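Undergrad: One structure is given below, represented as structure tokens, and several questions about it will come after.
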Amino acid sequence: LNPFLSRLNEHKDTKKLFFFTLDIVTRNYPVITVVEGLPYDSISLLPCPATTGGVMILAANSIIHVDQATRKIGLPLNGWATQTTDMPMLPALPSLDLHLEGGHLVFVSDHTLFAVLKDGMMYPVELTASGQVVTKLTIRDALARTTIPSVVCRADDDHIFVGSEVGPSVLMRTHSVE
């Protein structure tokens with residue numbers, strides 16, 4: 001048993017996110033916003049397109065959008081998400097049991113990203129926004145299965161590269177279907 005898990009009541013939301021600007025000329029880096037109270041199991045960050053704004057946070061049990069006004073919206077992807085954070089979450093789908101350790105996020109359009117899990121399963125996540133305020137995150141059924149990912153990135157408007165250390169890497173073409 002992990003001794004830290006027994007202390008979740010005291011240490012659930014220990015991560016912080018800093019928004020700051022980089023001014024290379026004057027070497028001045030003022031902090032714009034600090035967002036506290038993020039889940040301890042947060043793994044990685046993905047900047048959102050400029051039309052959406054903010055950043056996506058990949059945690060072991062959830063996907064979270066945070067904007068510069070410190071608004072947080074979380075999408076639980078398994079039953080552990082509500083146990084590992086006190087952050088308000090959207091209602092969970094009872095049939096969903098995804099684990100995101102070893103997974104990656106990549107945007108394919110301004111309001112759509114793919115969650116590529118460690119087994120190669122790809123799930124589309126839709127961001128619903130009112131202006132630049134994200135109001136809802138929705139995950140759909142898996143679209144495809146690819147190689148075991150070590151890195152996932154958008155190569156251009158129509159292609160995603162999934163690099164793998166344990167198998168062949170894949171260049172995937174994307175297109176939107178209504």
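Undergrad: Rounded if a/c is under 1.5, else prolate if a/b is larger than b/c, else oblate: which is segment 16-109, with a ≥ b ≥ c the root eigenvalues of its Cα gyration tensor?
TA: Note, shape of segment 16-109 comes out prolate.
Undergrad: On to the next question. Roughly what would the spin-label model give for Leu93 and Ala155, points 7 Å off Cα along C-beta, in nm?
TA: Taking the simple label geometry, Leu93 and Ala155 are separated by 2.9 nm.
Undergrad: Considering only Gly54, Gly37, Gly131, give the residue with the highest GNM mean-square fluctuation for the chain, with springs between Cα atoms whenever their separation is below 10 Å.
TA: Sorting by GNM fluctuation, first place goes to Gly131.
Undergrad: Report the relative contact order of the chain, percent, no decimals, based on alpha-carbon pairs under 8 angstrom and at least 6 residues apart.
TA: 13 percent
Undergrad: Right, here's the next one. Computing the accessible area with a 1.4 Å probe over protein heavy atoms, can you report the carbon and sulfur percentage for segment 118-164?
TA: Carbon plus sulfur share of accessible area: 48 percent.
Undergrad: Looking at the square roots a ≥ b ≥ c of the eigenvalues of the Cα gyration tensor of segment 52-178, which shape do they give, rounded for a/c under 1.5, prolate if a/b is larger than b/c, or oblate?
TA: oblate
Undergrad: Let me check against my output: what whole-number percent is the relative contact order of segment 4-74, with C-alpha pairs under 8 Å and at least 6 apart?
TA: Relative contact order, segment 4-74: 22 percent.
Undergrad: Next question. Want the number for Val170 to Phe19: 0.36 nm per residue separation, take away the alpha-carbon distance, what's left?
TA: Going from the current span to full extension adds 51.1 nm.
Undergrad: Whole-Hz ³J(HN,Hα) for each residue in segment 16-23, computed from phi via Karplus 6.51 cos²θ - 1.76 cosθ + 1.60 with θ = phi - 60°, x for glycine and proline: what do you get?
TA: 10, 10, 10, 9, 9, 9, 10, 10
Undergrad: Give me a comma-separated list of calculated 3J(HN,Hα) values for segment 152-165, in order, Karplus coefficients 6.51, -1.76, 1.60 applied at θ = phi - 60°, integers in Hz, x for any Gly or Pro.
TA: With coefficients 6.51, -1.76 and 1.60, one gets 9, 8, 7, 7, 7, 4, 10, 10, 10, 9, 10, x, 10, 8 Hz.
Undergrad: Can you work out the FRET efficiency for the pair Ser109 and Thr70, with r the C-beta to C-beta distance and R0 = 22 Å, to the nearest 0.05?
TA: Using R0 = 22 Å, I get an efficiency of 0.30.
Undergrad: Report, by chain and number, residues whose modeled amide H sits under 5 Å from the one on Cys48, excluding near sequence neighbours (fewer than 5 apart, same chain).
TA: Amide H to amide H, under 5 Å and 5 or more residues apart or across chains, Cys48 pairs with Gly54, Val55, Met56.
Undergrad: Might you work out the accessible area of Tyr40 for me, using a 1.4 Å probe with all protein chains in place, and round it to the nearest 10 Å²?
TA: The value for Tyr40 is about 60 Å².
Undergrad: For Val34 and His11, compute 0.36 nm times the residue count separating them, minus their Cα-Cα distance, and round to one decimal in nm.
TA: Between Val34 and His11, full extension yields an extra 6.4 nm.
Undergrad: Right, something else. Using Cα springs under 10 Å in a Gaussian network model of the chain, which residue among Thr146, Thr21, Thr135 shows the largest mean-square fluctuation?
TA: Evaluated over the chain, the most mobile residue of the options is Thr21.
Undergrad: Now a separate question. Spelling out what I want: for every residue of segment 136-149, take phi, set θ = phi - 60°, compute 6.51 cos²θ - 1.76 cosθ + 1.60 (Karplus), and round to whole Hz; glycine and proline get x.
TA: Result, ordered by residue: 7, 10, 10, 10, 10, 4, 4, 8, 7, 10, 10, 5, 5, x Hz.
Undergrad: Could you tell me which of rounded, prolate or oblate describes segment 90-132, using a ≥ b ≥ c as the square roots of the eigenvalues of the alpha-carbon gyration tensor, with rounded for a/c under 1.5 and, failing that, prolate when a/b is larger than b/c and oblate otherwise?
TA: Note, shape of segment 90-132 comes out oblate.
The values are calculated or read from the model by the stated rules, or taken from the named source; none is laboratory data. Values in this document were obtained by computation on a predicted structure and should not be read as measured data. As a convention, Cβ positions derive from the backbone with ideal geometry for all residues, glycine included, and neighbour counts pool all protein chains shown. Quick note on the areas: whole protein, heavy atoms, side chains included, nothing else; ligands and nucleic acids left out. Shrake-Rupley method; radii C 1.70, N 1.55, O 1.52, S 1.80 Å.
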